[in-house]
Amino acid sequence: MLVDPDIQEDDVKAFEARLQKSIDNLRPYSARWRLFLMLVSILTILCAYLWLTDPDTVNTSLYTSLRAHPVFFISSCTLILLFTVGVHKRVVAPSILVQRLRICLADFGYSITENGTLINKGN
């Protein structure tokens, strides 16, 4: 059964538009997670520096030292929790989607750019 080339071209264009829309919808989502992860990381690094340069840290127990630096403790726990729940995957979600689409589309003679544009590699 042969498909009319005009219909096939319209289907490919509609598919490409849907791919671009899906990738564009992921970008703000991943940008928010990237910003949040970056802020928590910077806060943790700064607080770790303050914690390690505190002269009382050497003379006190770990528990007492962490109680004296609650921002470091909370930011460290938050950073660990973020990586545990997979925020690092959400940051690169558009790239993961494009990579998986390239694998799937290779069987049909297509590839895809980072912004969702289809590339016909020919048969």
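Key figures
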read-out	value
Kirkwood Rh (inverse of mean 1/r, distinct Cα pairs), the range 7-120, angstrom	17.3 Å
Packing-based exposure ordering (other Cβ within 10 Å, fewest first) of ARG67, ARG34	ARG67, ARG34
Built amide H within the under 5 Å cut-off of ILE112, gap 5+	ILE119
Of the DSSP H helices in the chain, those whose Cα atoms cover at least 27 Å axially and whose Kyte score averages 1.6 or more	none
Residue-span extension gain [ASP11 to PHE83] - 0.36 nm each, minus C-alpha spacing	22.0 nm
Reach of LYS121 by Cα under 26 Å, taken over lysines that are not fewer than 8 positions away in the same chain	LYS13, LYS21
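Values quoted throughout were computed directly from the atomic coordinates according to the rules given, and no laboratory measurement underlies them. Since the model is a prediction, treat every value here as computed from it, not as a measurement. Glycine also receives a Cβ, built like all others from the backbone with ideal geometry; neighbour counts cover every protein chain displayed.
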